[in-house]
Amino acid sequence: MSREPGYNRWLLFAACAHLFFLLPPLRTRAFAVSVVPEGAEDETELPVLQKSEKSGTISKISRELKEIVFIIQSQSNSFHSKRAEDLKRDILKQAADFGKELPTVLLIHQMDGHEGAWTILPLMRDFSITYGRNSSWIFFCEEDTRIQVVKLLETLGRFDGSKEWFLGKALHDEESTIIHHYAFAENPTVFKFPDFAAGWALSIPLVNKLAKKLKSEPLKSDFTIDLKHEIALYIWQKGEGPHLTPVPEFCTDDVNSYKVDHCATTFSNFLPLCGEPVKKEDIFVAVKTCRKFHGDRIPVVKQTWEREAALIEYYSDYADISIPTIDLGIPNTDRGHCGKTFAILERFLNHSSPRTPWLVVVDDDTLISIFRLRKLLSCYDPNEPVFLGERYGYGLGTGGYSYITGGGGMVFSRIAVQKLLASKCRCYSMDAPDDMVLGMCFSGLGIPITHSPLFHQARPMDYPKGYLSHQIPVSFHKHWNIDPVKVYFTWLAPSTEESLNGKKVGYNREDL
């Protein structure tokens, strides 16, 4: 029996539709290629590409990766330089999967001739001259930043590289703060600055613009206190330059978090531990105080972190046996305390056990976790001259030097103290700022400052919540307008619940 032509066409349509629904769906990707896991076959990873298409896509990625200059904010200390080298190898290994055109990966501490290289801006002219014609982006990251290079390329590809871009994970102040010179006091939340841990990027046109400006107008700021905020201010140029553009793919979530599927960067969110923690007896703690603070600041130390220290002495201008304090014979001053600090260094070298490798010098209003410091110090070699803490800078745009700011705590290896005192570098006056004089002395000796963001010169509320959220802090400083005991047990105690006068204490960080 014959059928109508329309009926035959209907059967053909039905058969095609049936076949369509039996086939597995094809997934779309911004890039139809990824780093091939070890042991996987290329063909299974690229189901949507023919071999010629796959080869072309890989070549394109390789070319575009070559246009990114990676800058790792590294340090010369052996622990930090190794971590930076490991990250460099990882970036290049990922890039090598896509061809021979590898990106440039630079380590800040290897850039000769720049005492202030870590402050980034003095390098802009070099970046412009060297990479201004053949690159598209300068991408900055920390040694613990982890990068998915193809995802990063995809993310940067959303932005027109011929325009001026300043990209990063945005932080902002909740309230105006002294570490930012009370900037934007009326509404601090309006100004955004990058979280370096997530990585941040500058397009080459912006790098060229900054280089040109720096050539005609050298940096004027004497002090570098919070680099990420100060760089954003300089780029912003009082509203004439670009604001930071927030990029959600720049993340500080831990690499193992369920949240990181969309992330181009992640951050190793942990307290470094390299073997067993340093023994309590290997750390000598020196507390700087004076008679007028014996009654209010010293009791806080005894209520909080003193119990964590095996070797601790209090140095004052008055011998109080109830504490006890040691009178170093140096009058208290209202300005700097250089004379007192150098006397402490002399005493540590001449009166403590030579088997004690570490000295920690803190103020009487410093809150510190010796428990965490013992873990952190396990990663440093006491046979190296180590000067560790929160790094500031003075006059780095025109020479100058870096120093460890005293309030967050200054950590010295014994050999660093030996080299310092053997050099005869001393205070130019008894009331000179001790931390700055120490920085100047170590700079003259060629001993680098070692920075850790886990030490803090200010209080927890002086830092953005997003910045502290991926930290396990070692110290905070100042008792002004806070309950210091509450801050200690919230942020620094060995566990979130500590016994205080026989009671369990737990606090919510959001309240501080």
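The values are calculated or read from the model by the stated rules, or taken from the named source; none is laboratory data. It should be emphasised that the depicted structure is a prediction, and the values quoted were computed from it without experimental measurement. Cβ placement follows ideal geometry from the backbone for every residue including glycine, while neighbour counts extend to all protein chains displayed. Calculation scope for accessible area: heavy atoms of the full protein, side chains included, ligands and nucleic acids excluded. Shrake-Rupley method; radii C 1.70, N 1.55, O 1.52, S 1.80 Å.
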(request) Test residue 345 against the criterion of being modelled with pLDDT of 95 or more, closer than 23 Å to residue 420 by Cα, part of a helix (DSSP H, G or I) and not charged (D, E, K, R), and give yes or no. (result) yes
Checked against (1) more than 20 Å from residue 163 (Cα to Cα); (2) in contact (Cβ under 8 Å) with a residue 24 or more places away in the chain, residue 246 satisfies every condition except (1)
The one condition residue 212 fails out of (1) modelled with pLDDT of 95 or more; (2) under 18 Å from the mean Cα position of the chain (by Cα) is (2)
- Task: Assess whether residue 502 counts as being more than 17 Å from the chain's Cα centre (by Cα) and either open to solvent by 10 Å² or more (accessible area, probe 1.4 Å) or modelled with pLDDT under 95 (or both).
- Result: yes
Of 225, 231, 298, the only residue that is in contact with a helix residue (DSSP H, G or I) (Cβ under 7 Å, 6 or more places away or on another chain) and within 30 Å of residue 485 (Cβ to Cβ) is 225
Scanning the stretch 133-186 for residues that are of a type in the set (Gly, Ala, Ser) and in contact with a Lys or Arg (Cβ under 9 Å, 6 or more places away or on another chain), the one least open to solvent (accessible area, probe 1.4 Å) turns out to be 168
Is it true that residue 189 is surrounded by 21 or more Cβ atoms within 10 Å (Cβ to Cβ) and either closer than 30 Å to residue 477 by Cβ or out of contact with any helix residue (DSSP H, G or I) (no Cβ under 9 Å at 6 or more places or on another chain) (or both)? no
inquiry  = When you check residue 425 against the structure, is it open to solvent by less than 20 Å² (accessible area, probe 1.4 Å) and without any contact (Cβ under 8 Å) to a residue 24 or more places away in the chain, yes or no?
reply    = no
If we keep only residues of the stretch 243-261 that are surrounded by fewer than 18 Cβ atoms within 10 Å (Cβ to Cβ) and at pLDDT 95 or above, then the residue farthest from residue 213 (Cα to Cα) is 248
Restricting the stretch 56-99 to residues that are part of a helix (DSSP H, G or I) and in contact with a Cys (Cβ under 8 Å, 6 or more places away or on another chain), the one surrounded by the most Cβ atoms within 10 Å (Cβ to Cβ) turns out to be 87
Per the filter on the stretch 405-446, residues of a type in the set (Asp, Glu) and not in a loop (DSSP other than H, G, I, E, B) are 434, 435
Pairs returned, first residue in the stretch 144-168 that is farther than 22 Å from residue 94 by Cα, second residue that is open to solvent by 10 Å² or more (accessible area, probe 1.4 Å) and of a type in the set (Asp, Glu), beta-carbon separation under 9 angstrom, 6 or more apart or interchain, are 161/67
Checking 183, 201 in turn, the sole residue that is closer than 18 Å to residue 235 by Cα, of a type in the set (Gly, Ala, Ser), outside any helix (DSSP H, G or I) and under 19 Å from the mean Cα position of the chain (by Cα) turns out to be 201
Would you confirm whether or not the stretch 374-392 contains a residue that is out of contact with any strand residue (DSSP E or B) (no Cβ under 8 Å at 6 or more places or on another chain), open to solvent by less than 10 Å² (accessible area, probe 1.4 Å), within 16 Å of residue 80 (Cα to Cα) and touching a residue at least 24 places away in the same chain (Cβ under 8 Å)? yes
- Kindly indicate whether any position in the stretch 370-387 is in a strand (DSSP E or B) and touching a helix residue (DSSP H, G or I) at 6+ places or on another chain (Cβ under 8 Å). yes
